[in-house]
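The values are calculated or read from the model by the stated rules, or taken from the named source; none is laboratory data. What you see is a predicted model, and the numbers here were worked out from it, not measured in a lab. Every residue, glycine among them, receives a Cβ derived from its backbone with ideal geometry; neighbour counts consider all protein chains shown. Note: areas computed on protein heavy atoms with side chains; ligands, DNA, RNA excluded. Shrake-Rupley method; radii C 1.70, N 1.55, O 1.52, S 1.80 Å.
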Amino acid sequence: MKIPEQRFKIVVIGGSAGSFSVVSRILSQLDPAFPLPVVLCLHRLKHVRSGLVEGLNMKSNIPVVEPYDKDKLKPGVAMLAPSNYHLFVEFDSTISLSTEEVNNHSRPSIDYAFSSAAYSFREKAMGIILTGANKDGAMGIKNIHEKKGYTIVQDPSTCDVDAMPQAALKLFTPDQILKPDDIVKILNGLKA
Amino acid sequence: MGVTLSINEIKNVTTEMARYKSLDYTGYSYSFLKRRLGHVFGKLKIRRLPQFSERLADETFRESVKYYMAVNVTEMFRDPGFWRALRNDVFPLFNGNNWSAWLPDTPSGEEVYSLLVLLKEEDLLERVDVLCQHPSKEKCREISEGVIDIGNVDVSYSNYKRLEENDCFDDYFTEAVDGRFFRKDLLKKCRFRNSWFGDEEPDENFDLILFRNSGINYTARKKEETFGTILERLKPGGVIALGVREAVPLSFRDQLDVLNEKESIFFRKS
């Protein structure tokens, strides 16, 4: 495990099946003064609008919110993609939501969230892909890699379902493949 | 997506498009345009930008562009809690009088069909005039013919059941050789305006405006401008609904009171 030396403007975390407990664990160990905006794009039930953000907030060391369209990213705040909306980050550090077609059977689509961060923040974006049961997110985190951003894939041996990390690993070689506790160490070593 | 556009290419394309009526997308967000133009280029088999610009001169081609730029609402009763609030908290505000509703950007039938089902079940269908507006002629035709997204009928039914409504969802559809359609007789009080509301506003004011999840595709500035334009058409005491993750732009908050914050429903101060 190696703490990256480059500086970032955003961290995007994507996950699906089994990711709630991993994200919750990461957020509960995060430095309360974490200096960067965090975007969480997790596959979730489309008709259940409440519960997830409350559940994550129970243990998180930083606030977790579901953004409204055009809300601005804030350092030390995790923004969770709302159910049944895609989430994108824009050049001006605002959030755009969308009801466009599902992508990889998913809305929110992790691919979309990662790709928007890649195009808006390029080498200033960090993408982390966690446990999950389909390939959504793999192409998006590859986009971050292609734009010289920093990429971390959860070690498949620590995943409840490893299809999502494995799909990413088939497409490119990430900067690091890490266990959840090591992902936390990386995050807590970052500077704005 | 066959063609991936840079920012400058998107600016050039939208500037070119804006020369034509109801094709001004210059106020849309970059991320939306990047995806949507890629989608349009794929559907229309465009491989090079000059090819797109040349073909814009053709009216039939422009109509296709309008059609594919639209983001359909793919399910009826999206956000069942919103529709429940509309039925329980908004309809009674109009006290049994005749009233009117406007959907300024109606890319597909699902939203208006949902409204009509609720009006039917509350025995209000004859009392409400509904104006649907969209720049694509084909979209307007499809809605007037009762076209629905067959692939999402199960989702629509599931949403409907979450409303705790009467279980008569199938009654609102007819079966035909070429598929399933929303009943045309339920659409008899609907009018269609085939234009972009930024180009051609209705010359009437409304009691209810449903503008859900259209503004999210705009830039913040365009969203604010559009909201102002739409709000001018809302009667004092009238109700406007936005998408459940949309907020009223700051500069208009003093003109509105919150009716249901969770469902983004507001009424205009008298």
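When a/c reaches 1.5 or more, the comparison of a/b and b/c decides; with that in mind, is the range B:93-139 rounded, prolate or oblate per its Cα gyration tensor? Walk me through the numbers on the way to the answer.
Values: a/c = 3.09, a/b = 1.93, b/c = 1.61.
Taking the square roots of the gyration eigenvalues as a ≥ b ≥ c, the range B:93-139 is prolate.
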(message) For the range A:86-168, which trypsin sites (Lys or Arg not before Pro) pass both filters: DSSP loop (anything but H, G, I, E, B) and at most 12 other C-beta atoms within 10 Å?
(response) A:LYS148
(request) Would you mind getting the Kirkwood hydrodynamic radius of the range A:1-61 from its Cα pairs, rounded to one decimal in Å? (result) 13.0
(request) Among the listed pairs B:LYS139/B:LYS184; B:LYS137/B:LYS184; A:LYS9/A:LYS170, give every one whose C-alpha distance is greater than 22 Å. (result) A:LYS9/A:LYS170
(message) Give the lysines reachable from B:LYS235 as a straight Cα distance under 17 Å; neighbours fewer than 8 places away on the same chain don't count.
(response) B:LYS269
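Which of the residue pairs A:LYS135/B:LYS161; A:LYS72/A:LYS185; A:LYS74/B:LYS223 have a Cα-Cα distance greater than 30 Å in the structure shown?
On the way: A:LYS135/B:LYS161 32 Å; A:LYS72/A:LYS185 26 Å; A:LYS74/B:LYS223 21 Å.
Long pairs (Cα-Cα over 30 Å): A:LYS135/B:LYS161.
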(request) Provide a whole-number value for the mean count of partner chain Cβ atoms within 10 Å of the Cβ atoms in peptide B:214-226. (result) 3
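Scale the Cα Rg of the protein assembly as shown by the rule-of-thumb value 2.2 N^0.38 Å and send over the ratio, two decimals.
Numbers: Rg = 22.8 Å, N = 462, 2.2 N^0.38 = 22.6 Å.
Relative to the 2.2 N^0.38 Å estimate, the protein assembly as shown comes out at 1.01.
Taking all protein chains as present, what is the carbon and sulfur share of the accessible area of the range A:80-124, in % to the nearest whole number, probe 1.4 Å?
Its accessible area is 46 percent carbon and sulfur atoms.
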(request) Work out the FRET efficiency for A:SER157 and B:LYS137 from their Cβ-Cβ distance, taking R0 = 51 Å, and round it to the nearest 0.05. (result) 0.35
(request) May I ask for the angle, rounded to the nearest 10°, between helix B:7-17 and the longest principal axis of chain B, with both axes built from Cα atoms and the value confined to 0 to 90°? (result) 70
(request) Take the range A:120-192, compute every pairwise Cα distance, and split them into 5 Å bins from 0; I just need the percent in each bin. (result) 3, 18, 29, 24, 18, 6, 1
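Run lengths n ≥ 4 of DSSP H only: what is the helix-derived mean residue ellipticity at 222 nm for the protein assembly as shown, with -39500 (n - 2.57) per run over all residues, to the nearest 500? Please report the intermediate quantities before stating the final value.
On the way: 15 runs with 149 residues, N = 462.
The per-residue figure over the protein assembly as shown is -9500 deg cm²/dmol.
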(message) Could you tell me the center-to-center distance, by alpha carbons, between the range A:47-71 and the range B:17-34 in angstrom?
(response) 32
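Would you kindly give the portion of the calculated P(r) for chain B that falls above 28 Å, as a percent of all Cα pairs? Write down the numbers at each step before the final one.
Working: 13256 of 36315 pairs.
Percent of Cα pairs beyond 28 Å in chain B: 37.
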(request) Kindly state, as a whole number, the per residue volume in cubic angstrom of the convex hull around the alpha carbon atoms of chain A. (result) 96
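Loop-only check: which trypsin sites (Lys or Arg not before Pro) in the range B:1-50 are DSSP coil with at most 11 other Cβ within 10 angstrom?
Working: sites: B:LYS11, B:ARG19, B:LYS21, B:LYS34, B:ARG35, B:ARG36, B:LYS43, B:LYS45, B:ARG47, B:ARG48; in loops: B:ARG19, B:LYS21, B:LYS45, B:ARG47, B:ARG48.
Here the trypsin sites (Lys or Arg not before Pro) that fit, given the DSSP loop and packing criteria, are B:ARG19, B:LYS45, B:ARG47, B:ARG48.
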(request) Mind checking the range B:109-193 for GluC sites (Glu not before Pro) that DSSP puts in a loop (not H, G, I, E or B) and that have at most 11 other Cβ atoms within 10 Å? (result) B:GLU164
(request) Quick one: angle between helix B:30-43 and the longest Cα principal axis of chain B, in degrees between 0 and 90, rounded to 10, please. (result) 80
(message) Tell me the angle of helix B:59-69 to the major Cα principal axis of chain B, expressed in degrees between 0 and 90 and rounded to the nearest ten.
(response) 60
